[in-house]
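Colleague: The structure is given below, and queries will be raised subsequently.
Where a number appears in this text, it was derived from the coordinates with a stated rule and is not lab data. Bear in mind the structure is a predicted one, so any value in this text is a computation, not a measurement. Here the Cβ positions follow ideal geometry from the backbone for every residue, glycine too, while neighbour counts run over all protein chains shown.
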Amino acid sequence: MTHPIDQTTGNGKTVICPQCGQSFTCSLSPACWCATRVVPVEVKEHLAERYAICVCSTCLDELIAKAGSGESA
């Protein structure tokens, strides 16, 4: 996932999930936790259409599961 948040430290940045409101850390790099997820194209498109920042791991996992079950995001 990519977004316009500027990285301020090597440890990433704490951001608020635009979907659920929970805070989480985004490392803003290929080593981020989200890089371990296989995100279907439809989920990427859904997120890109709605948000300028990443969503948390819980929300991302839920969206991936819905896509895998045939549910719409």
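Colleague: Please label the shape of region 32-73 as rounded, prolate or oblate, based on the square roots a ≥ b ≥ c of the eigenvalues of the alpha-carbon gyration tensor (a/c under 1.5 means rounded; beyond that, a/b larger than b/c means prolate, else oblate).
Modeller: In terms of gyration-tensor shape, oblate.
Colleague: How much length is gained on full extension from Ser57 to Ala35, taking 0.36 nm per residue of separation minus their Cα-Cα distance?
Modeller: 6.8 nm
Colleague: For Gln19, which sequence-distant residues (separation of 5 or more, or a different chain) have an amide H within less than 5 Å of its own amide H, given hydrogens modelled in the peptide plane?
Modeller: Cys56
Colleague: Rounded to the nearest 0.05, what FRET efficiency is calculated for Thr25 and Ser69 with R0 set to 30 Å and r the Cβ-Cβ distance?
Modeller: The calculated FRET efficiency here is 0.60.
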